[in-house]
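K.L.:
Provided herewith is a single structure, encoded as structure tokens, for subsequent inquiry.
The values are calculated or read from the model by the stated rules, or taken from the named source; none is laboratory data. Remember, it's a predicted structure, so these values are computed and weren't measured experimentally. All Cβ positions, even for glycine, are placed from backbone atoms using ideal geometry, and neighbour counts span all protein chains on display.
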Amino acid sequence: MRTRYLSSCVTALAALVPLSLSAQMSPKPVPQDTVIKGGTILTVTHGTIQNGSIYIHDGKIAEVGQTVHAPANAIVIDATGKYVMPGIIDAHSHSALDGDVNEATSPVTPHMKMVDAFDYTDKALYQSLAGGVTTSLLLHGSANMIGGEAVVIKHKFGLDRDDLLFPNAPRSIKFASGENPKRVYGSRNQLPSTRMGNFEVQRAALQEAKEYMRDWDAYDAKVKAGDKTAKAPKKDLKLDELADVLRGKVMVQIHCYRADELLTEIQIANEFGYKLRALHHGLEAYKVADKIAAAHVGLATFADWWGYKVEAWDAIPYNAVMAMRKGVIVAIKSDSNDFARRLNQEAGKTVRYGGATEDEALRMITLNPAWIIGVDDRVGSIDVGKDADIGIWNADPLSTYARVEKVLIDGSVFFDVNAGKYGLPFWKDAPMTGRDGFGNDDSDGGVDY
């Protein structure tokens, strides 16, 4: 009896484990000449094209307009009655990082690499893909004043890990200030436990990196001058990364909330001369939006999430549009696997709260987050020469009734609502994880167009 019970337990547990864990990932699809024909094309940069077409060649947008010229053997995707928009871009995500999002053993850990924690089989990547997301910036958490280096991915779910990495994307690092570092380290009776402590820790680390960079520059100058007795300073991975921040090789993305700390972060960036790319969350940005715009710093914020902690008490749902009207480049981001699946609806809220136009709302989940990540020259709009990262929707994407039916990344279909059990045309025996046993052994190989 006991043996039979244990056997049934083992069987039940096996059912919770993602299937085909030892299987090879699906082969990389080869982009083919493709025409998306007959849809309402929301270009983001040059208006709406009714009953338009897009020609895709070698994974890039080759032509877009009322009509396009493509080879006779091109695959044709009929988008009649559908809406076609750029792939959604999430400028603030922690998807597929599981519990490794924070290295909370020290308030300064710039040498951490989020790519080392990237679980490319996590189901959250698939769920975002099924919500039209094609690119995400995966950030370190907000436990540290200076966290680790981010990783930029494309949601090519089902392929090998390196196939999901966005090629040659600019480097970003996560800083944070406010209640989170205070709570984490203050609870240990450790610096920082106040906002004063936050910024002292940040400045001290940057000053140390400045001196480290000075020492290396002096050494390099001696070597260049032919001094064979020159002794190299000791290598330090932490300070190497911060030196790259100071040299402008790494963009800084900062988690912060209150108006005063937004201004302090801009001030420190000016003081040390690094590239502050965007303020993340920034729920009081509306109070100092003119100063944020003048500093040419972006804002990645929530549409209407507020009141969940003390520094979010003064948040209002008009924040995004008020900041945008002052000239800030504003993105609506997820910071949540749940929000990431419906960023189209989150953007739609800005039409209600503040009167954003539909083009402005769409820009907040496409071109603006692409700028924050530093890839706006390659994705974020339907323009000739850009990557063919495209979503085809059954209704206006800003509608709560809209759902994405097809998602193309680099010109290949990675999600099709009509293909296979989970709509993954190229997904065969690839594993899917996510800590809840959501798995699949879909073997029908998808659908031909």
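K.L.:
Among the candidates 373, 292, which residue alone is buried (at least 18 other Cβ atoms within 10 Å of the Cβ), aliphatic (A, V, I, L, M) and within 24 Å of residue 179 (Cα to Cα)?
P.N.:
One residue alone meets the criteria, 292.
K.L.:
Need the failing condition index for residue 426 against (1) surrounded by 23 or more Cβ atoms within 10 Å (Cβ to Cβ); (2) modelled with pLDDT under 95; (3) under 22 Å from the mean Cα position of the chain (by Cα), just the number.
P.N.:
Only one criterion is unmet by residue 426, namely (3).
K.L.:
Just to be sure, is residue 406 touching a strand residue (DSSP E or B) at 6+ places or on another chain (Cβ under 8 Å), at pLDDT 95 or above, surrounded by 23 or more Cβ atoms within 10 Å (Cβ to Cβ) and not hydroxyl-bearing (Ser, Thr, Tyr)?
P.N.:
It is true that residue 406 is touching a strand residue (DSSP E or B) at 6+ places or on another chain (Cβ under 8 Å), at pLDDT 95 or above, surrounded by 23 or more Cβ atoms within 10 Å (Cβ to Cβ) and not hydroxyl-bearing (Ser, Thr, Tyr).
Yes or no, residue by residue, for (1) of a type in the set (Val, Ile, Thr); (2) more than 19 Å from residue 140 (Cα to Cα); (3) part of a helix (DSSP H, G or I):
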{"residue": "216", "(1), (2), (3)": "no, yes, yes"}
{"residue": "221", "(1), (2), (3)": "no, yes, yes"}
{"residue": "228", "(1), (2), (3)": "no, yes, no"}
{"residue": "243", "(1), (2), (3)": "no, no, yes"}
{"residue": "253", "(1), (2), (3)": "no, no, no"}
{"residue": "278", "(1), (2), (3)": "no, no, no"}
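K.L.:
Determine, yes or no, whether residue 87 is surrounded by fewer than 24 Cβ atoms within 10 Å (Cβ to Cβ) and either in contact with a His (Cβ under 6 Å, 6 or more places away or on another chain) or of a type outside the set (Phe, Trp, Tyr) (or both).
P.N.:
No; evaluated as a whole, the condition is false for this residue.
K.L.:
In addition: Which numbered condition in (1) in a loop (DSSP other than H, G, I, E, B); (2) of a type outside the set (S, T, N, Q); (3) touching a residue at least 24 places away in the same chain (Cβ under 8 Å) is the only one that residue 209 fails?
P.N.:
Here residue 209 meets the rest and fails (1).
K.L.:
Any idea how many residues of region 301-331 are outside any loop (DSSP other than H, G, I, E, B), among the aliphatic types (A, V, I, L, M) and touching a helix residue (DSSP H, G or I) at 6+ places or on another chain (Cβ under 6 Å)?
P.N.:
Residues that pass the stated criteria total 6.
K.L.:
Can you tell me how many residues within region 390-408 are among the acidic types (Asp, Glu) and under 15 Å from residue 419 (Cβ atoms)?
P.N.:
Summing the residues that are among the acidic types (Asp, Glu) and under 15 Å from residue 419 (Cβ atoms) in region 390-408 gives 1.
K.L.:
Here are some residues: 241, 179. Which one is touching a His at 6+ places or on another chain (Cβ under 6 Å) and either touching a residue at least 24 places away in the same chain (Cβ under 8 Å) or not hydrophobic (A, V, I, L, M, F, W, C) (or both)?
P.N.:
Sole residue among the options that is touching a His at 6+ places or on another chain (Cβ under 6 Å) and either touching a residue at least 24 places away in the same chain (Cβ under 8 Å) or not hydrophobic (A, V, I, L, M, F, W, C) (or both): 241.
K.L.:
Shifting gears a bit: Determine which single condition residue 76 fails, assuming it passes every other condition in (1) surrounded by fewer than 20 Cβ atoms within 10 Å (Cβ to Cβ); (2) of a type outside the set (Asp, Glu); (3) free of Cβ contacts under 8 Å to residues at least 24 places away in the same chain; (4) assigned to a strand (DSSP E or B).
P.N.:
In the conditions (1) surrounded by fewer than 20 Cβ atoms within 10 Å (Cβ to Cβ); (2) of a type outside the set (Asp, Glu); (3) free of Cβ contacts under 8 Å to residues at least 24 places away in the same chain; (4) assigned to a strand (DSSP E or B), residue 76 misses (3) alone.
K.L.:
Filter region 293-317 down to residues that are under 23 Å from residue 401 (Cα atoms) and out of contact with any Ser or Thr (no Cβ under 7 Å at 6 or more places or on another chain) and give me whichever is modelled with the lowest pLDDT.
P.N.:
The extreme case among them is 305.
K.L.:
Let me ask another. Name the residues in region 369-396 that are in a helix (DSSP H, G or I) and touching a Gly at 6+ places or on another chain (Cβ under 7 Å), would you?
P.N.:
Correct list: 370, 371, 372.
K.L.:
Now for a different question. Give me the pairs: first residue in region 47-69 and in a loop (DSSP other than H, G, I, E, B), second residue of a type in the set (A, V, I, L, M, F, W, C), beta-carbon distance under 7 Å, and six or more apart or on different chains, which are they?
P.N.:
59/388; 66/49; 68/35; 68/54
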